[in-house]
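Step one of this worksheet: look at the structure below.
Nothing in this text is a laboratory measurement; each read-out follows from the coordinates by a stated rule. Not measured: the values here are computed from a predicted model. Positions of Cβ are backbone-derived with ideal geometry, glycine not excepted, and every protein chain shown enters the neighbour counts.
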Protein chains: 2
Amino acid sequence: MIESYFKGLTAQDGVLLGIGDDAAILNLLPDLNNQLVVATDTLVEHIHFPSHADSYQIAQRALCVNLSDMAAMGANPRWFTLSLSLPRKLATNPWLKGFSAGLAEVADEFKCSLVGGDTTSGALSISITMLGEVPSGSAITRGGANDGDFIYVSGALGDGAAALSVIQGNKNNKSIESERLLKRFYRPEPKIEFGIKLRDVASACIDISDGLVADLEHVCRSSGVSAYVSTRDVPINDDVKTLCEAGSLEWALFGGDDYQLCFTVPEHLCELVDGWSADGLLDLKQIGRMTSCKDGVPQVFLDGSIVIQENRGFDHFG
Amino acid sequence: MIESYFKGLTAQDGVLLGIGDDAAILNLLPDLNNQLVVATDTLVEHIHFPSHADSYQIAQRALCVNLSDMAAMGANPRWFTLSLSLPRKLATNPWLKGFSAGLAEVADEFKCSLVGGDTTSGALSISITMLGEVPSGSAITRGGANDGDFIYVSGALGDGAAALSVIQGNKNNKSIESERLLKRFYRPEPKIEFGIKLRDVASACIDISDGLVADLEHVCRSSGVSAYVSTRDVPINDDVKTLCEAGSLEWALFGGDDYQLCFTVPEHLCELVDGWSADGLLDLKQIGRMTSCKDGVPQVFLDGSIVIQENRGFDHFG
């Protein structure tokens, strides 16, 4: 099944042998002392997408979410494997054609290729393992933030949670805004070029999948520092505010599925980064600063107050 | 969950950053112009193991099956990612401890490490993506067999099917033989060292997962040649014959789950390969020869007769 529907996805560089043998054979980029970057993510019906989503959308979301991990590392995506578990009723030509078309479109845009796969019969679930490359030593981890580094985010936040509210039938939804939001949900934009630009500039980076506060807490814990965020500096799109004025900040702080980057920059490099923004090269905003942690406990402070985690970002469908 | 139960599995060489960030960072072996070898395999309850199997056994089988793909390529296994889907009732300390212990034991023996993982709630299914290395150009594919090459297998065949019959309650089973067979089923021995030795010697290689005939057909199709197998030369263990004298040859030819290697060797290298066997270095046996295919259709012949495929190797549990 993998061979018949997905063979066209293996055409990128570096694939000496793609699908159809016991394993694929891959060439890393030549003449570079590169490191391999590997991430894996599984999407399950009802948890990561609603059951009415079509196969084209599901495939795009699955691949984009995995590409976003590469962006957060500053890595260049190259190859991926797919493990697809599928109920018998979906193992049809239209479903599989839609799925492979969605996958192919994203793979083509980001120049990565499918190099291995397995399909089994079962509840709908999509597991992707993504392989990328970085020049040795230049990957951006969660653990490099220092006291005094400034905190930035790419784009605007809250889109993911707002889209979720539209999908789940928020009464206030407006159709025009919804279209953009649904696209953001099913086709998040992996910030690959953005991440590559942050190599040797950002001290730490993470992609916002669980929500700004939750993901910033990961950075705090890995780096051993605390974070102060000025909530009025958190960028939120107008349509998200329109959708729910009262709830938009909460969406931006605690909602998941934004797949923007949150990163920290040492003070002496902020002028460079702000310049990228001023020149219209990158859409980014400074939202706070890292600080040494009191009592040795790394924490996120919003406008100076400790966050009581409300366990956001775990909204389930269905 | 991945972090708490599986952190101990990331300790091998080449892992600059293991579990706990957006992605792992890996160093390929230095000073070698190596290629990356990638394979992925999913195991599902009822299909690939019975529902009464314990978590320690399931984990070992899942990792061994994936390692076997590396063996078939002549590759050196290095790293793997795990996607574990688990029903809520199994997300317990004993189940997870057993699973991680089984995984750790095999990972340790084959010096490969877990570098990424994801757990989701759902029907029990284990997806592993395995990464390995080969010196550039030395991977053994299915597609290199030529007219006149001799066909070999490692070890003995039929163990997998015999074990299946024991697990499914074959009336004739003897307890002493069963113990060895069950071990072979849950803990197949990936032929890693064997595969490495076959680099630059075997013209094609595959691991026997679907059954000798089915897998040899893959080699035939990929290489564009036919295969003649002499069935009396196919090695079968005595306990398999004892279990079912009448059915043992069928098990050896059509049964799956043996995870032995089937490989082809050019005539001028057969003396070398036979020498390994005579010296007791490797357990292998010549079972036939490749030949040009009549009418352009690559086929497997058993004692000169065309095989009518009976779709063996798809026995399901439960």
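Data overview
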quantity	calculated
Placed amide H near B:Thr291: partners under 5 Å, 5+ positions off or other chain	B:Gly148, B:Ser226, B:Ala227, B:Tyr228
The stretch B:150-306: C-alpha pair distances exceeding 27 Å, %	23
Cα long-axis angle, helix A:93-109 against chain A (0 to 90 degrees, to the nearest 10)	50
For A:105-111, mean number of other protein chain Cβ atoms within 10 Å	0
Cβ neighbours within 10 Å from other chains - mean over A:135-142	3
13 Å reach of a label modelled at B:Leu90, 7 Å along Cα-to-Cβ, counting backbone N of the stretch A:123-145	A:123
For the stretch A:195-277, projected area of the alpha-carbon convex hull averaged over all directions, nm²	6.0
Across the identical copies, how the B:Ser305 labels are spaced - nm, sorted shortest first, 7 Å along Cα→Cβ	8.3
Distance violations [Cα-Cα > 21 Å] among A:Lys111/A:Lys285; B:Lys111/B:Lys197; B:Lys183/B:Lys285	A:Lys111/A:Lys285; B:Lys183/B:Lys285
Amide H within-cut-off set for A:Gly211, under 5 Å, with H built and near neighbours excluded	A:Asp257, A:Asp258
Distances in nm from B:His268 to the matching label points in the other copies, shortest first (labels 7 Å along Cα to Cβ)	6.3
Radius of gyration and maximum dimension Dmax of the protein assembly as shown, Cα, Å	26.3, 83
Neighbourhood charge, 12 Å Cβ-Cβ cut-off, centred on A:Leu67 and excluding it, Lys, Arg +1 and Asp, Glu -1	-2
Highest-fluctuation residue, B:Gly296, B:Gly255, B:Gly116 considered, GNM on chain B with Cα pairs under 10 Å	B:Gly296
Around A:Ile128: net Lys/Arg minus Asp/Glu count, Cβ-Cβ under 11 Å	-2
Radius of gyration, Dmax [chain A; alpha carbons; angstrom]	19.9, 59
Candidates per GluC sites (Glu not before Pro) in the stretch B:210-264, loop by DSSP, up to 10 other Cβ within 10 Å	B:Glu245
Other protein chain Cβ atoms within 10 Å, averaged over every residue that makes up B:112-125	5
Whole-number D in µm² s⁻¹ for the stretch A:190-234, Kirkwood Cα-pair radius fed into Stokes-Einstein, 20 °C, 1.002 mPa s	181
Debye equation applied to the C-alpha atoms of the stretch B:156-236, log10 I(q)/I(0) at 0.10 Å⁻¹	-0.33
For the stretch B:133-173, alpha-carbon Rg over 2.2 N^0.38 Å	1.95
Label point 7 Å beyond Cα along the C-beta direction, distances from A:Asp147 to other copies (nm, shortest first)	7.8
Residue with peak Gaussian network fluctuation, chain B [Cα springs, cutoff 10 Å], from B:Lys191, B:Lys285, B:Lys97	B:Lys97
Percent of Cα pairs exceeding the 23 Å cut-off, where the set is the stretch A:76-199	54
Helix-derived mean residue ellipticity, 222 nm - over chain A, DSSP H n ≥ 4, -39500 (n - 2.57), to 500	-9500 deg cm²/dmol
Computed FRET value (nearest 0.05) for B:Asp303 with B:Ala123, which takes r as the C-beta separation and R₀ as 45 Å	0.55
